[in-house]
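Structure, as structure tokens:
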Amino acid sequence: MPIVEDLGIEISERAKSIEERSRTELFAKAASVETVTPGTDYWARSKESVLMEGGIDQENPYSLVVPEHMKIGIPTVHIYGQKDPRYYASLNLRFFSKAENRREFDHSGGHDVPRTTVVSERIADLVRWVAGAIADGK
């Protein structure tokens, strides 16, 4: 967030709070990995999760307004999981790429990449798309 502010993009106090809480939540989750019971949903949201907070715009959680001249012009791929405590940060990162040059995929997991065949095939498709788009000069 400090880099975004250094670019002159306004960050609300609420966005800063969500950002800090999501980092803290991810670090706490990572620290507990050794105590997880096999077969449980490690990334399940708790009642206290930042992801359970109401009133957050799912399309633009930090209410970022990124000027067009600051956006990445090359094709980009954004892969995130809706159970990831850093989900909102991931959603906001996409605003730094031009909409016509980006593809997105929500793998529905946490702060990892699920290793199912369906997810792996979708990610491979996105890698092929971005490689093709770059090769075509788009």
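Bear in mind that the values in this text are calculations on the coordinates, not laboratory data. In this text, all values refer to a predicted model and were calculated from it rather than measured experimentally. Glycine gets a Cβ as well: all are built from the backbone with ideal geometry, and neighbour counts include every protein chain shown.
Would you kindly state how much longer the chain becomes between residue 1 and residue 36 on full extension, computed as 0.36 nm times their sequence separation minus their alpha carbon distance, in nm to one decimal?
Contour length minus the Cα-Cα distance gives 9.5 nm.
Can you find, among 105, 12, 69, the residue farthest towards the positive end of the dipole of segment 2-135? Put +1 on the C-beta of Lys and Arg, -1 on that of Asp and Glu.
105
Express in nm, to one decimal, how much length is gained between residue 23 and residue 53 on full extension, taking 0.36 nm for each residue of separation and deducting their alpha carbon distance.
Gain on stretching residue 23 to residue 53: 9.3 nm.
Quick check on the exposure proxy: order 96, 27 from fewest to most C-beta atoms within 10 angstrom.
27, 96
Can you run phi through the Karplus equation (6.51, -1.76, 1.60; θ = phi - 60°) for segment 112-129 and list ³J(HN,Hα) in whole Hz, with x for Gly and Pro?
7, 10, x, 9, 6, 4, 4, 5, 4, 5, 5, 5, 4, 4, 5, 5, 5, 4
Out of 37, 85, 95, whose Cα points farthest toward the positive end of the dipole of segment 1-112 (charges: +1 Lys, Arg; -1 Asp, Glu; placed on Cβ)?
37
With only Lys, Arg, Asp and Glu charged, each at its Cβ (+1 for the first two, -1 for the last two), find how big the charge dipole of segment 1-129 is about the Cα centre; round to the nearest 20 debye.
Dipole of segment 1-129, to the nearest 20 debye: 300 debye.
Where in the chain lies the longest segment free of GluC sites (Glu not before Pro) that are both loop residues by DSSP (not H, G, I, E, B) and have at most 16 other Cβ atoms within 10 Å?
Details: sites that count: 10, 48, 53, 59.
By the stated rule (loop sites, at most 16 other Cβ atoms within 10 Å), 60-138.
Distance in nm between label sites at residue 68 and residue 117, each 7 Å beyond Cα in the beta-carbon direction?
Calculated label separation equals 4.5 nm.
Over the Cα atoms, compute the radius of gyration (one decimal) and Dmax (the largest Cα-Cα distance, rounded to a whole number) for the chain, in Å.
Looking at the chain, its Cα Rg and Dmax stand at 16.5, 48 Å.
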